[in-house]
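Colleague: Mind having a look at this structure? Questions to follow.
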Amino acid sequence: MKKAIYVLLSVLLTASLISWNWTKTQHPTVEKAEVIECLNMETQQAYQSEAGTPAFAAMHPSPMVVNPENLLGKMMSFDAADGKPANAYFIAAKKKSNKYLIVIQEWWGLNDNVKMESDKYYTDLGDVNVIAVDMYDGKVAATPDSAMKLMRGADMGRMTAIMQGAIKYAGSKASIYSVGW
């Protein structure tokens, strides 16, 4: 009797596994053109509007002033999608790599804090190229009021062109990741 129960349970288990509908849990690959979808006009306007309020500014104390002596990267230029040159803080992988981390600055601009954070990501991640994009074309704020003015005056078309240029700089075969504040 025990054998019959084991055989029956085995048949039921086998039938259950065979009929199980296995689904793929891996997400589809995102096209590089879709990476900047978050910069659509509605999102841009909402962010620019919110970042221009005193309440938003009050949530952000002035950044610490630091003067790092041993940064790992260097400033570099690349062509933005609008045909104008753009700048970024760049740290090349120690050996050739098609992995890129694009670091998107805080509302302060590409300051020393963002460069130091980029260095930390580079050190923690290992074999990756890090590009910290300069979305304000060299302008950096030191107070919440000046950051608010920079954000209000930011040209979202230019910022999109800078991101597109950074993606193009990485290349069509690059695996691109991003982080920002």
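Colleague: Order the peptides 56-63, 147-154 from the highest to the lowest mean number of other Cβ atoms within 10 Å of their residues.
Modeller: 147-154, 56-63
Colleague: Percentage of Cα-Cα pair distances in segment 30-180 greater than 18 Å, rounded to whole percent?
Modeller: Summing the P(r) tail past 18 Å for segment 30-180 gives 58 percent.
Colleague: Moving on to the next point. How far is it, in nm, from the label point at Asn67 to the one at Lys139 when both lie 7 Å from their Cα along the line to the Cβ?
Modeller: 2.6 nm
Colleague: Using a Cα-Cα cut-off of under 30 Å, which lysines could be cross-linked to Lys96, ignoring same-chain neighbours fewer than 8 residues away?
Modeller: In chain and number order, the partners are Lys32, Lys74, Lys84, Lys115, Lys120, Lys168, Lys173.
Colleague: In nm, what is the difference between 0.36 nm times the number of residues separating Lys3 and Leu125 and their Cα-Cα distance?
Modeller: Fully extending the segment from Lys3 to Leu125 adds 38.4 nm.
Only the coordinates and a few stated rules stand behind these numbers; no lab work does. From a predicted model like this one, the values you see are computed outputs, not experimental measurements. Cβ coordinates were reconstructed from backbone atoms using ideal geometry, including for glycine residues, and neighbour counts include every protein chain displayed.
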